[in-house]
Amino acid sequence: MTEEGVTLYRGLREVYIDRTTSSFINGKEGKLYYRGYSIDDLAQNCGFEEISYLVMMGELPTASELEAFSKELKSNMGLPQEIVDLITIVKDAHPMDVLRTAISALAGFDSEVDDNSSEATLRKGTKLTAQAPTIVAAHSRIRQGLDPITPDPKLSIAANFLYMLFGTVPDPEDAKLIDKDFVLHAEHGLNASAFGARVAASTQADLHCAVTTGIAVLKGPSHGGAAESVMTMSLEIGDESKAEQYIKDTLDGGGRIMGFGHRVYKAVDPRSLHLQDDLKALGERKGEPKWYSILQKVLEAMQPYARKGICQNVDFFSGAMYFLLDIPEDLFISIFAMGRIPGWTAQVVEQFDNNILLRPRLQYVGELDRKFIQISDR
Ligand code: ACO
């Protein structure tokens, strides 16, 4: 061993690296707070515009503040033609790769790109929150050979996303579900993507770099990709009568059940509870109650694991919800990303406000002083 006496914190499990006022997860009791407000109150009473304001600005808006902020969001939903052209060039890539590429390229169109003041960062975060749904929807249409749709300023961000995706003004109930989903994804402590965003910010790179990093980190199935995997699992199960055996076979084979488990929650993720009844109602409304029934059977089969602290997380019900809204499966993670931009922005502002370079260490366990051999002699 070349570096002795080092304490390793693999996966940074239980390591606190700083202080925050953005959100708090009480993992033991399954509670979540944005800026001190319970997610239960927020999910029942606020739309995504209001939550974006709360998460980024730190306070619930007054009615006039919300009106002005919503106006600012809507006026920023459009994309430069060059970004639409870029999306067309990379249209065959995964939607998260397209979103990451387009957000990165938007840096070239923002005159404040290098301004890391809180004011400019919040302005840029507001713009990116508005632009992300337009990027995802435009990509979805372009790859089908359809023209992108211009956002409708009369609609909310969530309703606009569905409108720009499908070309028709959505059923208000459908739009409400996407809106709530955005609310539930807006901020969530030092998850892997927020950590990635903070690492970028800690080098004093700008918000576009940090959000691009956040999107890149979110893509993995251990983080944002689980909603898609849960739907794949539900499709493979196919019928509620087969759920128990499927779960047994997966676990016996050493596999994991997607939509279960969390680094911080050792109780049910409260966000999942807010989607549970909505999914049941949506399934009935669309005449497809079977997906909810399959997931209920999965929940029952996973009860022994719940007692060990492996419970359902936010992704468990969201995949089936997107599926019933006819959203293509490879777009599921992008919906998570759209909702999370306010959270990444809030944490980047915190990082800039009290910056320290995030630069942990690795214990070197390789050889030293190896004899160098010229290339011609190897
Ligand atoms: N299914 C079965 N067993 C599980 C699951 C699961 N979904 N999750 C954790 N476990 C078990 C592990 O096998 C391990 O058991 P062991 O100690 O006997 O080896 C134990 O629980 C601890 O698991 P770790 O991987 O050490 O826990 P970690 O905190 O690193 O992982 C993670 C968290 C990645 C989310 C994990 O629970 C997982 O892979 N879940 C499935 C994917 C998923 O749903 N991701 C979404 C997370 S929420 C989000 O990002 C929005």
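The values are calculated or read from the model by the stated rules, or taken from the named source; none is laboratory data. Source: prediction; values computed, not measured. When we count neighbours, we look across all protein chains shown, and the Cβ atoms used for this are built from the backbone with ideal geometry, even at glycine. Side chains are part of the model used for accessible areas, which takes the heavy atoms of the whole protein and leaves out ligands, DNA and RNA. Shrake-Rupley method; radii C 1.70, N 1.55, O 1.52, S 1.80 Å.
What to note about this one:
- Any chance GLY196 is in contact with a Ser or Thr (Cβ under 8 Å, 6 or more places away or on another chain) and either open to solvent by 50 Å² or more (accessible area, probe 1.4 Å) or over 24 Å from GLY255 (Cα atoms) (or both): yes
- Flag for ARG19 being within 16 Å of the ligand (Cβ to nearest atom) and out of contact with any helix residue (DSSP H, G or I) (no Cβ under 6 Å at 6 or more places or on another chain): no
- Failed criterion for ILE294 (all others in (1) out of contact with any strand residue (DSSP E or B) (no Cβ under 6 Å at 6 or more places or on another chain); (2) within 22 Å of GLY27 (Cβ to Cβ); (3) among the β-branched types (Val, Ile, Thr) hold): (2)
- Complete set of residues in segment 232-266 that are among the basic types (Lys, Arg) and either more than 8 Å from the ligand (Cβ to nearest atom) or open to solvent by less than 30 Å² (accessible area, probe 1.4 Å) (or both): LYS242, LYS248, LYS266
- The test for being within 11 Å of the ligand (Cβ to nearest atom), open to solvent by 20 Å² or more (accessible area, probe 1.4 Å) and polar (S, T, N, Q) holds for SER229.
- Qualifying residue in segment 132-153 (condition: outside any helix (DSSP H, G or I), buried (at least 23 other Cβ atoms within 10 Å of the Cβ) and at pLDDT 95 or above): yes
- Residue check for ASP326: away from the ligand (no atom under 16 Å from the Cβ) and either touching a helix residue (DSSP H, G or I) at 6+ places or on another chain (Cβ under 7 Å) or on the phi > 0 side of the Ramachandran plot (or both): yes
- There is at least one residue in segment 314-326 that is under 27 Å from MET96 (Cβ atoms) and open to solvent by 20 Å² or more (accessible area, probe 1.4 Å).
- The number of residues in segment 170-193 that are open to solvent by less than 20 Å² (accessible area, probe 1.4 Å) and either within 14 Å of the ligand (Cβ to nearest atom) or of a type in the set (Lys, Arg) (or both) comes to 9.
- None of LYS286, LYS280 is surrounded by 16 or more Cβ atoms within 10 Å (Cβ to Cβ) and away from the ligand (no atom under 14 Å from the Cβ) except LYS280.
- Scope segment 199-224; condition farther than 20 Å from THR129 by Cβ and open to solvent by less than 30 Å² (accessible area, probe 1.4 Å); matching residues: SER202, GLY220
- Pairs, first not assigned by TED's automatic domain parsing to the domain that holds VAL349 in segment 1-30, second away from the ligand (no atom under 16 Å from the Cβ) and in a loop (DSSP other than H, G, I, E, B), C-beta under 6 Å, six or more apart: THR2/TYR364; THR2/LEU368; GLU3/GLN363; GLU3/TYR364; VAL6/GLN363
- When segment 327-354 is filtered for residues that are outside any helix (DSSP H, G or I) and either in contact with a Pro (Cβ under 9 Å, 6 or more places away or on another chain) or surrounded by fewer than 15 Cβ atoms within 10 Å (Cβ to Cβ) (or both), the ones remaining, listed by number, are PRO328, ASN354.
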